[in-house]
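Read through the structure below, which is laid out as structure tokens, and then see the notes.
The values are calculated or read from the model by the stated rules, or taken from the named source; none is laboratory data. In this text, all values refer to a predicted model and were calculated from it rather than measured experimentally. Every residue, glycine among them, receives a Cβ derived from its backbone with ideal geometry; neighbour counts consider all protein chains shown.
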Amino acid sequence: MDSNKTTAITLQTKKHFEILDGLRGVAALAVVIFHFMEWAYTDFTTNFIAHGFLAVDFFFCLSGFVIGYAYDDRIAKMGVLEFFKSRIIRLHPLVIAGSVLGLLAFLFDPFGGHPELYSTGKIILAFVCSLLLIPLPVIEDRGFNLFSFNAPSWSLFWEYIANIFYAFVLYRIKRGLLLLLTIISAVAICWVAYRSGNLLGGWSGPTFWDGAARIAYSFLAGLLIYRSNWIIKNKLGFAGIGALLFLAFLMPFSKWNWLSEPFVVVFYFPLLIALGAGVTLTGGLKNVCVFSGKISYPLYMTHYAVLWMFGNYYTTHKPDTMQLTFIIIAALILLIGAAYLVMVVYDIPVRKYLTDKRNRRLARLESVNTEKPRS
């Protein structure tokens, strides 16, 4: 039987951790709320969800677990090239969508912005780099983000780096070496937190290498959880573990961030992954978690275009607390709806088209190989 078909069947018959999908949705919602609130409360000590940015570290840890679960037993058969194609098909359509939306928001923001200050060449270059996930922090109006037209793409850049490292190194190494690398990465992330006072970096040029430390530890920790089978059976359910996850984002912002944030990332998030993998869901809640997981990535990758417009609106109009609350709630509802629309109309069809096209090519290659005379 064709090895690609065999591995596809194997993946389909594996257990699906629905609660981890649900937790991904919780984290995505938290980071979107955080992005709204950081405009309104620049003093993070007054921001009720000041640690929403740690959702990215949870994403990284979850990614390590899921990649190991999905590919450890089949990447050798499918090959590195097909692995990369699978990941690009899964991730890159929304990288493109987020970049396009970000460019449109930059050019046509009704509440402000200064696209006229930048040459056409610089805008095109920044856009192309955003499409290709090439860091280029050159647009001042976008806070010198690594990716001017879609700030969250910084985490996708490091996700790609982690996937490359996994394909060439991590899937081959033994658990002992993986544990050693995880410990070294834990030391690195603690050092970053101590040096900077927090783990907020990674999205800009000056904090570029902070992102490397964040992806290194969390991705390795997630992979280690899977390979060590550190799955804790429990009956907390989605509500219980989801609440525990959200509590991390509500943690007060203080002078002790250099201690509290590494603790959450190094110990607490891996524990939640282990707990989440140990829960079995049924019925309607299972469907909620599946939907939450599906909408999380489109929401994460498409929301920031609106955030820039919101920021310019807030800066110029200074809405009061009641107005601000209404605007943020309404925006969240609209963003979830828009993310769903992008997912259904664009992301799913594009990924299906690319996957079908790849499968047809593999089938043709298999047919040619079987027709060749054997010596």
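Details
- Inside the range 245-259, residues that are closer than 18 Å to Val31 by Cβ and in a helix (DSSP H, G or I) make up a count of 6.
- Residue ranges of helices (runs of 4 or more DSSP H) in the range 6-113 with at least 2 members hydroxyl-bearing (Ser, Thr, Tyr) and farther than 30 Å from Gln323 by Cα: 55-71
- For the range 256-308, the candidate set comprises residues that are polar (S, T, N, Q) and closer than 30 Å to Glu140 by Cβ; within that set, the residue that is surrounded by the fewest Cβ atoms within 10 Å (Cβ to Cβ) is Asn257.
- Val350 falls short on exactly one of the conditions (1) modelled with pLDDT of 95 or more; (2) under 25 Å from Tyr41 (Cα atoms); (3) among the β-branched types (Val, Ile, Thr), and that condition is (2).
- With respect to the stated conditions, Ala162 is surrounded by 20 or more Cβ atoms within 10 Å (Cβ to Cβ) and of a type in the set (A, V, I, L, M).
- Residue in the range 320-333 that is within 19 Å of Arg24 (Cα to Cα), surrounded by fewer than 20 Cβ atoms within 10 Å (Cβ to Cβ) and touching a residue at least 12 places away in the same chain (Cβ under 8 Å) present: yes
- Elements of type helices (runs of 4 or more DSSP H) in the range 273-375, at least 3 residues being under 18 Å from the mean Cα position of the chain (by Cα): 283-302, 304-317, 321-342
- In the range 171-216, residue surrounded by the fewest Cβ atoms within 10 Å (Cβ to Cβ) [restricted to those that are polar (S, T, N, Q) and in contact with a Gly (Cβ under 9 Å, 6 or more places away or on another chain)]: Thr207
- Here Phe253, Phe168, Phe246 are screened, and the one residue that is exposed (fewer than 13 other Cβ atoms within 10 Å of the Cβ), among the aromatic types (Phe, Trp, Tyr) and more than 27 Å from Val100 (Cβ to Cβ) is Phe168.
- Given (1) farther than 28 Å from His317 by Cβ; (2) more than 17 Å from the chain's Cα centre (by Cα), index of the condition Leu103 fails: (1)
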